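For reference, the structure is listed below as structure tokens.
Just so it is clear, none of the values below were taken in a lab; they were calculated from the coordinates. The model shown is predicted, which means the values in this text are computed figures rather than measured ones.
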Amino acid sequence: MRDNGILLIIQPSQENSRIEVEIDANVKFSEELYEPNFQKILSATRLSILNVVEQGLFRSECEAITPVDGSYHCYEFDSVHEWVEDRKPFCEDLATFTAMSEKIQSLVEGKAHRVFEYWREYSVLLRKYISEEGE
């Protein structure tokens, strides 16, 4: 193990992503994608970060939710099919995801549409803690 160093953790924030569907330049669907299993993973990661700081293994150098101006990152997909293909392999809550994707699919029914996924990121920069005595 190195005596010094930094660790940057970047992950989705614990707020739910928002899914929107646009048909004919109008938003026809807007809903949060609540994924309880994924939220548990994010909570466990957050607890692990707090634990290593409390135990004195690392100290927090910088912590932020981005974008910082209250806006969101956005992925844009040309269809619900493209969104499903991109997102499904990483989904921790398949039943919730499938229910939402089926709801969207029935809404668009062959119409030209776009899907937008909005999210925010949580990042923390940790520095390996070195005591004054060099321990």
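Over region 6-128, what lengths in whole Å, largest first, do the semi-axes of the equivalent ellipsoid take, defined as the square roots of 5 times the eigenvalues of the alpha-carbon gyration tensor? All intermediate terms of the calculation are to be shown ahead of the outcome.
On the way: eigenvalues 229, 47, 20 Å².
Here the semi-axes work out to 34, 15, 10 Å.
Roughly how tilted is helix 94-108, in degrees to the nearest 10 and between 0 and 90, from the longest Cα axis of the chain?
Approximately 30 degrees, to the nearest ten.
Send over the Kirkwood Rh of region 1-60, from the inverse of the averaged 1/r over different Cα pairs, rounded to one decimal Å. Kindly include the intermediate steps, with their values, before the conclusion.
Details: mean 1/r = 0.0685 Å⁻¹.
Averaging 1/r across every pair of different Cα atoms and inverting gives 14.6 Å.
Applying the Karplus parametrisation 6.51 cos²θ - 1.76 cosθ + 1.60 with θ = phi - 60° to the phi angles of region 58-67, what ³J(HN,Hα) value in whole Hz is obtained for each residue in order, glycine and proline being reported as x?
9, 10, 7, 8, 7, 9, 7, 9, 10, x
With everything on Cα atoms, drop me the angle between helix 36-54 and the longest principal axis of the chain, reported from 0 to 90° to the nearest 10.
It is inclined by approximately 20 degrees.
How much length is gained if the chain between GLU85 and ASN26 is pulled fully straight, taking 0.36 nm per residue apart and subtracting their Cα-Cα distance, in nm to one decimal? Spell out each step's value before the answer.
Numbers: separation 59, 0.36 × 59 = 21.24 nm, distance 2.35 nm.
Extra length from GLU85 to ASN26 when fully extended: 18.9 nm.
Per residue Cα convex hull volume for region 47-91, in cubic angstrom?
Normalising the Cα hull of region 47-91 by residue number yields 122 Å³.
If you build a Gaussian network model of the chain, linking Cα atoms that sit under 10 Å apart, which residue out of GLU15, GLU121, GLU54 swings the most?
GLU54
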